[in-house]
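The values are calculated or read from the model by the stated rules, or taken from the named source; none is laboratory data. For clarity, every value in this text was computed on a predicted model and none was experimentally measured. Glycine also receives a Cβ, built like all others from the backbone with ideal geometry; neighbour counts cover every protein chain displayed.
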Amino acid sequence: MRLKLISCEVLFREMCDACAHSPHQVDLEFLPKGLHDLGGKPMAANIQEAVDRTPEGVYDAILLGYGLCGNGLDGVAARHTRLVVPRAHDCIALLMGSRGRYQAYFESNPGTFYRSTGWLERGKGLQQLTHRTMGIDESLEALISKYGEDNGRYLYGELTRYRSHYGKLTFIETGLEAGARFIAEAAAEAGEKGWRFERLPGDLAWLRRMVDGEWPEAEFAVAGPGQRIAASNDAAVVRVEP
């Protein structure tokens, strides 16, 4: 088969590794991580644009390397080529290898913030969409410089309020870290925020099944031409509808 993969860049290393081992020809396209910060409908619109510019009659399927991600796949439609979507809530579940493992860890580790190689290297030192929308990565000094002392401090407090809900940072190791730099960076971030730190082995089998053309119904939703992906709001995560 010839496949087209449209994926979030946070999975760049993992997807490239999976495609390198796939028995099929896979053409890759990565979209910015910052799409998540635009909200569900704008994110879905950007993914739809990538689907729509995929030429007709070239690929056997278009794979979407995303979880539902705050309804960021809700409404994305197959035009002329079937769409394959993992039944995952987000990329953390994909990196853990299954919904079951993700759910079990999530329930037993409340208040956990997750990092992976992609979340570190793709979100720092690059002009992400987040910097042009929410400003969530801005430092206190940068916000004060832009908006003045009082407004800058207020904005910084609002944008960093999320930190109070967390007490732990878990780094998901996929075996593709190429050195200890990312683990050290994640540990340092946890230390700076006063969070506990844990290293958790990842599992790339789910991603590999996707690019290998193995799409069991329990793990993947497949939308044919004229159908679309919709949030199912149940254990299946997504469904296919006309």
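Brief remarks follow.
- Which listed residue, of 236, 187, 218, 230, is in the same structural domain as residue 78 (by TED's automatic domain parsing), at pLDDT 85 or above, surrounded by 14 or more Cβ atoms within 10 Å (Cβ to Cβ) and of a type in the set (A, V, I, L, M): 230
- Selected residue [in contact with a strand residue (DSSP E or B) (Cβ under 6 Å, 6 or more places away or on another chain), among the aliphatic types (A, V, I, L, M) and assigned by TED's automatic domain parsing to the domain that holds residue 28] from 88, 77: 77
- Residue check: residue 4 meets all listed conditions (1) of a type in the set (Lys, Arg); (2) part of a strand (DSSP E or B); (3) surrounded by fewer than 18 Cβ atoms within 10 Å (Cβ to Cβ) but one, namely (3).
- Considering residues of region 108-144 that are among the basic types (Lys, Arg) and in a loop (DSSP other than H, G, I, E, B) only, the residue modelled with the lowest pLDDT: 124
- Extreme residue, surrounded by the most Cβ atoms within 10 Å (Cβ to Cβ), among residues of region 15-27 that are of a type in the set (A, V, I, L, M, F, W, C) and not in a strand (DSSP E or B): 15
- Candidate set: region 34-85, residues that are part of a helix (DSSP H, G or I), in contact with a helix residue (DSSP H, G or I) (Cβ under 7 Å, 6 or more places away or on another chain) and modelled with pLDDT under 90; chosen: the one nearest to residue 99 (Cα to Cα): 36
- Annotation note: Cβ proximity below 6 Å between a residue of region 1-16 that is of a type in the set (Ser, Thr, Tyr) and a residue that is buried (at least 21 other Cβ atoms within 10 Å of the Cβ) and assigned to a helix (DSSP H, G or I) (sequence gap 6+ or interchain) occurs for 7/15.
- Once region 160-214 is narrowed to residues that are among the β-branched types (Val, Ile, Thr) and touching a strand residue (DSSP E or B) at 6+ places or on another chain (Cβ under 9 Å), the residue that is nearest to residue 110 (Cα to Cα) is 170.
- Condition met for residue 105 (modelled with pLDDT of 75 or more, under 25 Å from residue 31 (Cα atoms) and either out of contact with any Cys (no Cβ under 6 Å at 6 or more places or on another chain) or not in a helix (DSSP H, G or I) (or both)): no
- Restricting 12, 30 to residues that are out of contact with any Ser or Thr (no Cβ under 8 Å at 6 or more places or on another chain), surrounded by fewer than 21 Cβ atoms within 10 Å (Cβ to Cβ) and within 19 Å of residue 117 (Cα to Cα) narrows the list to 12.
- If the condition is being in contact with a His (Cβ under 7 Å, 6 or more places away or on another chain) and closer than 19 Å to residue 81 by Cα, then region 213-242 contributes 213, 225.
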